[in-house]
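Heads up: the structure comes next, in structure tokens.
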Amino acid sequence: MWLYKDKEIKELEDMPGDNFGFIYEVTHLPTGRKYLGKKQLISVTNKVLGKKELALLTDKRASKKKKVTKESDWKTYYGSHPEIKQLIKEQKQSEFTREILIFTSNKKLHTYYENKFLFIKGVIEPDSNYINDNIEGRYFRKDFL
């Protein structure tokens with residue numbers, strides 16, 4: 001279950017406005033360690049057309065791919081950090097709380113707000129209680145050691 005301003009978010013309809021995604025914070029209750037990240041609500045992928053679809057094409061220059069839009073796995077998502085993934089694999093979802101910090105309306109703001117929160121909360125600083133180990137692959141926790 002996701003929480004936003006103490007309200008449960010279970011479906012897209014529970015969210016305020018039209019959103020691209022959200023910035024979140026996951027807390028592992030036994031250790032108190034946290035992870036901050038971003039999650040898109042809709043995934044868009046390019047899928048290669050099948051034989052039947054290709055046979056229907058009349059223009060040889062037409063794209064051989066089509067865009068497929070679907071809801072992302074946000075309902076079951078806990079984060080991308082290997083430590084979190086391992087605990088989820090061990091069926092320890094009940095040891096986590098998931099909080100939405102802010103909703104974002106487009107891709108640029110999505111990245112901007114993630115970075116803003118990462119820097120404000122000092123997630124890679126040595127005394128941090130976060131398991132994030134880098135920001136944008138440019139700033140690393142190891143740089144502080």
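The values are calculated or read from the model by the stated rules, or taken from the named source; none is laboratory data. This is a predicted model, so every value here is computed, not measured. Glycine also receives a Cβ, built like all others from the backbone with ideal geometry; neighbour counts cover every protein chain displayed. In case anyone asks, the SASA skips ligands and DNA or RNA and just uses the protein heavy atoms, side chains included. Shrake-Rupley method; radii C 1.70, N 1.55, O 1.52, S 1.80 Å.
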- prompt: If you add up the charges near Lys116, with Lys and Arg at +1 and Asp and Glu at -1, over every other residue whose beta carbon is less than 14 angstrom from its beta carbon, what do you get?
  reply: 0
- request: Compute, for Glu95, the solvent-accessible surface of its heavy atoms (probe 1.4 Å) with the complete set of protein chains present, and express it in square angstrom to the nearest 10.
  value: 50
- prompt: How big is the C-alpha Rg of the stretch 97-136 next to the rule-of-thumb value 2.2 N^0.38 Å, as a ratio?
  reply: 1.24
query: Among Lys66/Lys108; Lys47/Lys85; Lys65/Lys85; Lys39/Lys142; Lys39/Lys85; Lys38/Lys67, which pairs are too far apart, with a Cα-Cα distance over 20 Å?
result: Lys66/Lys108; Lys47/Lys85; Lys65/Lys85; Lys39/Lys142; Lys38/Lys67
query: Just the accessible area for Glu83, please: 1.4 Å probe, Å², rounded to the nearest 10?
result: 80
query: Put a dot 7 Å past each Cα toward the Cβ at Lys116 and Ser63; how far apart are the dots in nm?
result: 3.1
task: Please give the calculated 222 nm ellipticity per residue for the chain, where each DSSP H segment of at least 4 residues contributes -39500 (n - 2.57) and the sum is spread over every residue; nearest 500 deg cm²/dmol?
output: -5500 deg cm²/dmol
Accessible surface, the chain, averaged per residue in Å² (probe 1.4 Å): 68
message: Can you bin every Cα-Cα distance in the stretch 35-78 into 10 Å intervals starting at zero and give me the percent of pairs per bin, rounded to whole numbers?
response: 23, 35, 22, 16, 5
field: Alpha-carbon Rg/Rh ratio, for the stretch 1-112, with Rh computed the Kirkwood way
entry: 1.12
query: At a 1.4 Å probe, what is the % contribution of carbon and sulfur to the accessible area of the chain?
result: 52
field: Viscosity 0.692 mPa s, temperature 37 °C, Stokes-Einstein D of the stretch 48-110 from Kirkwood C-alpha radius, µm²/s
entry: 204
- prompt: Where does helix 107-120 land angle-wise versus the long Cα axis of the chain, in degrees 0 to 90, nearest 10?
  reply: 10
